[in-house]
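Starting off with a structure, shown below.
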Amino acid sequence: MRRIAIALTFLLAIPLAAADRIEHLAKLADVWATAKYLDPYLMTRGVDWDAALVRAIPKVREAKTEAEFVAAVGSMLAELHDRATRVEREQEPDAPPTKLADVPLTRTDGDVLIVNAGPYAKAGGSLWSSAFALAGEIGKTKRVVIDLRGADEVGAILASVGIVGATTPVPPSFMTFHSGYAPQEGSSSGGYYSALQTIAAAPLQKLSYLPGPAPSRVVFVTDGKRIPDAASALWWSGAAGIVSETPLTDDALAGTTSIELGDEWFAMVRIAEPAVRGLAADIVADHATALPRALELARADTPFTARPPLTPVTMLPSPIVERPYVNMTNPELPYRLLSLFRLWTIIDRFYPYKHLIGDWDAVLRNMIPRFENAKDAKEYAAAVMETVAFVEDGHSGAQGHPAAVDVIGGMWLPNVQLRVVEQQYVVMAGPKELLHRGDVVVAVDGEPLRDRILRLRKYITASTDRARTQRVLNAVLRGAEGTEAVLTLKNDDGSTREVRVTRAQKMVSPPKPAEPVYRVLDGNIGYVDLTRLTTAEVDAMFEALGKTKAMIFDMRGYPRGTAWSIAPRINTNKAKYGASFRRAQVSAWSAEEGRSGFYFDQPLPPTDPKKPLYTGPTAMLIDDRAISQSEHSGLFYEAANGTTFIGSPSAGANGDVTSFPLPGGFTVAFTGHDVRHADGRQLQRVGLVPDIAVEPTIRGLREGKDEVLERAIAWANDVTRSK
């Protein structure tokens with residue numbers, strides 16, 4: 001029993017060690033991404049931030065203690081050569097914790113009021129709640145020393161406690177700003193961009209409601225790590241002095257954010273770059289003598305040392321460029337984790353539907369071992385594809401790596417199309433001598449088709465379960481070059497037969513329908529195939545169908561940009577907007593703005609009074625083949641005249657596409673905008689929901705019927721008969 005207990009203890013220790021390593025790597029990814037997107041150094045100094053991460057990853061993986069982990073993170077941050085970006089411990093291990101009850105906020109030394117702001121300005125401190133009382137104390141004195149040592153953030157408090165005697169300009173700063181994720185290759189309709197913003201701070205002003213005049217002498221004491229904007233503004237204006245424990249540099253003006261590393265250690269990352277230069281201390285003194293020297297300076301009668309003029313800084317930012325490492329088809333371990341971290345952090349910061357994913361943090365931690373243990377190019381490619389599939393979006397995918405085809409198969413069956421009909425996998429098109437419309441496929445290459453779908457499902461994603469199954473179904477017939485796919489088909493009587501179809505390099509497009517793109521159906525009903533209609537044909541289409549009693553738009557596929565021409569021709573609602581947009585923004589201006597977004601309503605194109613308005617009812621035929629622009633067309637038509645949706649739910653993936661590269665030739669695509677109905681209702685992962693639900697049947701397919709269109713024709717007759 002004792003040996004069993006020892007063995008169990010040993011086994012339990014292994015996952016704990018692995019969990020620590022995974023947690024450390026996840027924190028490293030967070031620190032790396034925070035600096036990458038928020039630190040102005042990364043947009044202005046040409047730092048190879050990928051290389052810094054790659055060098056830090058082995059150190060983090062080998063860390064046996066928290067101290068070694070923190071040192072590894074620090075080594076990565078040190079590559080920025082930035083005093084503001086560093087690792088820092090909140091409190092030295094041997095230092096007793098500060099109790100506010102033991103440290104008075106104010107005390108006097110003769111004629112000088114000393115404000116112990118540091119302990120009270122820690123996170124969760126009470127300096128804000130004490131600001132009014134502090135202003136009353138300051139209003140009674142002419143000389144004030146404000147000790148900022150140990151303060152986390154004093155911010156605007158200094159402007160609220162009565163130390164400002166006249167309007168004083170505050171130096172501006174630069175901050176990074178990312179409005180969506182700009183694609184690394186090609187372009188996008190999203191208009192995404194990155195910028196370096198100049199943040200113009202409001203000037204300090206004397207507050208009329210505070211008692212008494214401002215002090216004639218104000219001196220700040222600092223440890224040299226951070227100088228509040230208010231203190232630097234007063235120093236530059238000649239209204240205050242600074243005593244520092246270390247020589248001051250302009251880095252003390254840098255704003256920072258912190259990421260907790262554990263054991264009271266934090267990674268401090270610069271988020272603001274001063275737009276001026278010239279900050280210095282009046283006096284540099286050690287810790288013991290800093291306060292006495294500050295008291296001397298506060299009691300001096302001579303004016304403060306002449307300040308240098310504000311020197312503006314010119315910054316030339318460049319957008320973040322993701323190196324593709326195309327030749328790393330089988331990357332070394334650090335680059336495999338770089339790939340995961342890049343993928344995870346871009347989705348984490350920029351994916352507008354992240355709130356629909358679920359626990360994205362858990363995805364990172366669960367996939368770290370997969371990327372660590374990938375032993376060859378195929379396993380690496382599979383890990384990337386599986387991670388992307390967690391995004392569950394019809395716009396998401398990872399393509400371009402040569403081994404990706406080994407994961408799901410590289411060759412297609414020419415012109416063979418399958419769809420889910422009545423919960424079975426049914427042939428929609430194929431070589432007529434071998435396959436017939438309505439045939440049910442039960443196995444491929446001897447493997448039950450349901451099993452094959454489950455096996456490939458984790459590598460292929462979509463926005464809804466139904467659409468995902470259909471996308472997987474589009475891949476189940478793929479295989480190696482030169483091979484034959486053996487399809488097992490179920491006959492009407494329950495028996496089976498086998499057919500063999502040779503796989504080819506490319507998918508062969510099905511033949512175009514023989515029917516016209518638009519036409520008048522029996523009963524004076526207009527029909528338009530929106531998958532084929534071009535913008536140049538829209539006016540002619542309305543001229544031909546303008547006197548029909550109703551019109552059916554067939555959107556079971558992808559359109560050709562016609563919604564912007566059609567919507568104003570049917571806008572009987574006089575609607576102003578067709579859709580509501582949201583896009584992720586990444587900035588450090590505030591916690592709220594840094595993880596919110598840009599919201600706007602998309603206007604419908606204006607109606608041309610020279611073109612007649614179609615006033616009859618319209619319907620749109622939909623199923624999961626209607627995706628993205630197809631669904632956006634539906635939003636426009638819904639807003640314009642309340643178009644009726646007939647069929648089954650659309651794919652639920654809208655918002656244009658942006659992309660980035662990963663090592664090995666991968667290009668990862670994802671949705672850039674959160675697009676909703678004009679009234680704000682969710683579209684993503686829901687799709688356009690049919691007002692009249694109808695789906696094909698196997699019998700109908702075999703009989704050559706289009707049951708969805710037939711139902712739409714019945715709707716058109718019913719709705720016009722009632723008028």
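Name every residue in segment 536-556 that is closer than 28 Å to Gln417 by Cβ and open to solvent by 10 Å² or more (accessible area, probe 1.4 Å), in order of residue number. Before the answer, list the steps.
Step one: of segment 536-556, the residues closer than 28 Å to Gln417 by Cβ are 537, 541, 551-556.
Result: Glu537, Asp554, Arg556.
So how many residues does segment 300-325 have that are open to solvent by less than 90 Å² (accessible area, probe 1.4 Å), farther than 29 Å from Lys36 by Cα and of a type in the set (D, E, K, R)?
The total comes to 1.
Just name the residue that is most open to solvent (accessible area, probe 1.4 Å) out of those in segment 55-92 that are out of contact with any Lys or Arg (no Cβ under 7 Å at 6 or more places or on another chain) and among the basic types (Lys, Arg).
Top of the filtered list is Lys64.
Moving to a separate point now. Just to be sure before I move on: is Pro559 assigned to a helix (DSSP H, G or I) and out of contact with any Asp or Glu (no Cβ under 6 Å at 6 or more places or on another chain) in the structure I sent?
Criteria not met by Pro559.
Answer yes or no as to whether Arg685 is on the phi > 0 side of the Ramachandran plot and either out of contact with any Lys or Arg (no Cβ under 9 Å at 6 or more places or on another chain) or crowded, with 19+ Cβ neighbours inside 10 Å (or both).
Answer is yes for this residue.
For segment 393-408, which residues satisfy the criterion of being open to solvent by 10 Å² or more (accessible area, probe 1.4 Å) and closer than 25 Å to Val686 by Cβ?
Gly394, His395, Gly397, Ala398 - these are the residues of segment 393-408 that are open to solvent by 10 Å² or more (accessible area, probe 1.4 Å) and closer than 25 Å to Val686 by Cβ.
Let me ask something else about it. Answer with yes or no whether Pro228 is over 27 Å from the mean Cα position of the chain (by Cα), open to solvent by less than 20 Å² (accessible area, probe 1.4 Å) and closer than 21 Å to Tyr41 by Cβ.
For Pro228, the condition - over 27 Å from the mean Cα position of the chain (by Cα), open to solvent by less than 20 Å² (accessible area, probe 1.4 Å) and closer than 21 Å to Tyr41 by Cβ - is not met.
In segment 148-167, how many are modelled with pLDDT of 75 or more and in a loop (DSSP other than H, G, I, E, B)?
Of the residues in segment 148-167, 11 are modelled with pLDDT of 75 or more and in a loop (DSSP other than H, G, I, E, B).
If you don't mind, another one. Tell me which of these Pro516 doesn't satisfy, since it passes every other one: (1) more than 41 Å from the chain's Cα centre (by Cα); (2) part of a strand (DSSP E or B); (3) at pLDDT 95 or above.
Only one criterion in (1) more than 41 Å from the chain's Cα centre (by Cα); (2) part of a strand (DSSP E or B); (3) at pLDDT 95 or above is unmet by Pro516, namely (2).
Does Arg560 satisfy the criteria of being modelled with pLDDT of 95 or more, among the basic types (Lys, Arg) and open to solvent by 70 Å² or more (accessible area, probe 1.4 Å)?
Criteria met by Arg560.
Next up: Only one of Ala678, Ala693, Ala640, Ala669 is open to solvent by less than 10 Å² (accessible area, probe 1.4 Å), among the hydrophobic types (A, V, I, L, M, F, W, C) and touching a residue at least 12 places away in the same chain (Cβ under 8 Å); which? Working first, answer last.
Working: Ala678 fails: open to solvent by less than 10 Å² (accessible area, probe 1.4 Å); Ala693 fails: open to solvent by less than 10 Å² (accessible area, probe 1.4 Å); Ala669 fails: open to solvent by less than 10 Å² (accessible area, probe 1.4 Å).
Checking each option against the conditions leaves just Ala640.
With the checklist (1) farther than 20 Å from Ile698 by Cα; (2) more than 34 Å from the chain's Cα centre (by Cα); (3) part of a strand (DSSP E or B) in hand, flag the one item Ala398 doesn't pass.
Exception for Ala398: condition (2).
Evaluate the following for Ser189: is it open to solvent by 60 Å² or more (accessible area, probe 1.4 Å), out of contact with any helix residue (DSSP H, G or I) (no Cβ under 7 Å at 6 or more places or on another chain), farther than 19 Å from Ala669 by Cβ and not in a strand (DSSP E or B)?
No; evaluated as a whole, the condition is false for this residue.
Is segment 700-711 home to any residue that is among the basic types (Lys, Arg) and free of Cβ contacts under 8 Å to residues at least 24 places away in the same chain? Talk me through it step by step, then tell me what you get.
Initial filter on segment 700-711 (among the basic types (Lys, Arg)): 702, 705, 711.
Within this subset, residues satisfying the condition of being free of Cβ contacts under 8 Å to residues at least 24 places away in the same chain are 705.
Within segment 700-711, one or more residues are among the basic types (Lys, Arg) and free of Cβ contacts under 8 Å to residues at least 24 places away in the same chain.
The values are calculated or read from the model by the stated rules, or taken from the named source; none is laboratory data. This structure is a prediction, so every number in the text was calculated from the model and none was measured. Note that each Cβ is placed from the backbone with ideal geometry, even for glycine, and that neighbours are counted across all protein chains shown. The accessibility values were calculated without ligands, DNA or RNA, using every heavy atom of the protein model including side chains. Shrake-Rupley method; radii C 1.70, N 1.55, O 1.52, S 1.80 Å.
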